[in-house]
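What follows is calculated from the coordinates using simple rules that are stated; it is not laboratory data. Just so it is clear, the structure is predicted and the values come from calculations on it, not from any experiment. Neighbour counts run over all protein chains shown; Cβ positions are idealised from the backbone, glycine included.
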Amino acid sequence: MERNITKLYAEYKEGKINRRSFLKKLTMATGSSAAALALLPVLKAADDNHPAQVADDPVSQFVNYPAPKMEIRASLAHPKTGGKFPAVVVIHENRGLQPHIQDVAKRFAKEGFLALAPDALTPAGGTPEGDQAKAAERMRELNNDDTVNNMVAAVKYLKTHPLSTGKVGCTGFCWGGAMTNNAAVNSPDLNAAVPYYGRQPATEDVAKIKAPIMAHYAGNDPGINAGIAAFEEELKKQNKEYQIFIYEGTGHAFNNDTNPDRYNAEAAKLAWGRTVSFFKEKLK
């Protein structure tokens, strides 16, 4: 029963079901509407108190960086000491800048990087705190060209940041994986790109990519994986430097350790190790 309710709440937060359907199913699971309403604040409190996977060892703060039409809010993390660092743009999933992605930026900081996690929802009012369903709705309102420009601006921002060595990589997950590919297409000075289970760029755009690519895919993700073959064929044709890894037995979003239904610890650890090593090699 408890696991079913937790899964139901996760589906609601992720925008898979609306509030009305969520409450109806929760009522069925708990036996009454009164019990369902009484459980709501308990579920929210448990979610809000979910411990971060990285302690606040790195320096982490919110900043605004310049983009073509406005300043974009972002979470910036870096080691406490060490002077200048290679930099990484970390692009969130299709639920906005959630605590999980802020935490991923901190993990990069613990590995010795300057990490910037933009809030792509800044033009739509920002990522709403504690409401992933609303965040998903706002994501659908974004203008794609403007969003790509905002991610390209993040690369430029890190290129000249006082704490940056000037070498910049980009990684992203799900929606952010596709946006990482877009950043690679549109940022000729990007030094490395690591898309996680992201839609591939248009075939005719692959020639514009200058950065080495390391792409991670889930084994069971047909909607995304349908584009791998054409992407790889064009990468070979254009003589691009690339690596592609497919993690069998995993599903989409296998890296998200705040989603127990999707997370695969073994694959996530392997992909993370490869990603960090790749960035350390390409951004040195």
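Overall shape of region 86-235 was characterised from the C-alpha gyration tensor. The equivalent ellipsoid obtained from it has semi-axes of 22, 20, 14 Å, in decreasing order.
Based on the alpha-carbon gyration tensor of the chain and its eigenvalue square roots a ≥ b ≥ c, which shape applies: rounded if a/c is under 1.5, prolate if not and a/b is larger than b/c, or oblate? In terms of gyration-tensor shape, prolate.
Taking a Cβ cut-off of under 11 Å around residue 264, the surrounding Lys, Arg, Asp and Glu residues balance to a net charge of -2, with basic ones at +1 and acidic ones at -1. Placing a label point 7 Å from the Cα of residue 163 along the Cα-to-Cβ direction, the residues of region 118-145 with a backbone N closer than 17 Å are 118-119. About its Cα centre, the dipole of the chain is roughly 260 debye, where the only charges are +1 on Lys and Arg Cβ and -1 on Asp and Glu Cβ.
Stokes-Einstein diffusion of region 176-248 at 20 °C, 1.002 mPa s viscosity, Kirkwood radius from Cα pairs, rounded to a whole number: 180 µm²/s.
Segment residue 40..residue 244, full-extension length gain: 69.2 nm, with 0.36 nm per residue of separation and the alpha-carbon distance subtracted. Its DSSP H runs of at least 4 residues, each contributing -39,500 (n - 2.57), put the calculated 222 nm mean residue ellipticity of the chain at -13000 deg cm²/dmol, to the nearest 500.
Comparing 194, 223, 179 along the charge dipole axis of region 141-226, the residue lying farthest to the positive side is 194, per the Cβ-charge model. Once you reduce region 258-284 and region 183-225 to the center of their Cα atoms, the two points are 16 Å from each other. Taking the number of Cβ atoms within 10 Å of each Cβ as an exposure proxy, the fewest-first ranking of 179, 70 is 70, 179. For the pair residue 28 and residue 11 in one chain, pulling the backbone fully straight at 0.36 nm per residue adds 4.5 nm over the alpha carbon distance. Centre-to-centre separation between the Cα atoms of region 141-169 and those of region 99-125: 12 Å. Take the alpha carbon gyration tensor of region 134-212, find the square roots of its eigenvalues, order them as a ≥ b ≥ c, and report rounded if a/c is under 1.5; if not, report prolate when a/b exceeds b/c, else oblate. The shape class here is oblate.
Database remark: amide H of residue 114 closer than 5 angstrom to the amide H of 87, 88 (H placed geometrically; neighbours at sequence offset of 5 or more, or on other chains; Pro and chain starts carry no H). Computed from the C-alpha gyration tensor, the three semi-axes of the ellipsoid equivalent to region 199-284 are 24, 17, 9 Å, from longest to shortest. Backbone phi angles across region 87-99, fed through the Karplus curve with coefficients 6.51, -1.76 and 1.60 (θ = phi - 60°), yield HN-Hα couplings of 10, 9, 7, 10, 9, 6, 6, 8, 10, x, 7, 7, x Hz in residue order; Gly and Pro are listed as x.
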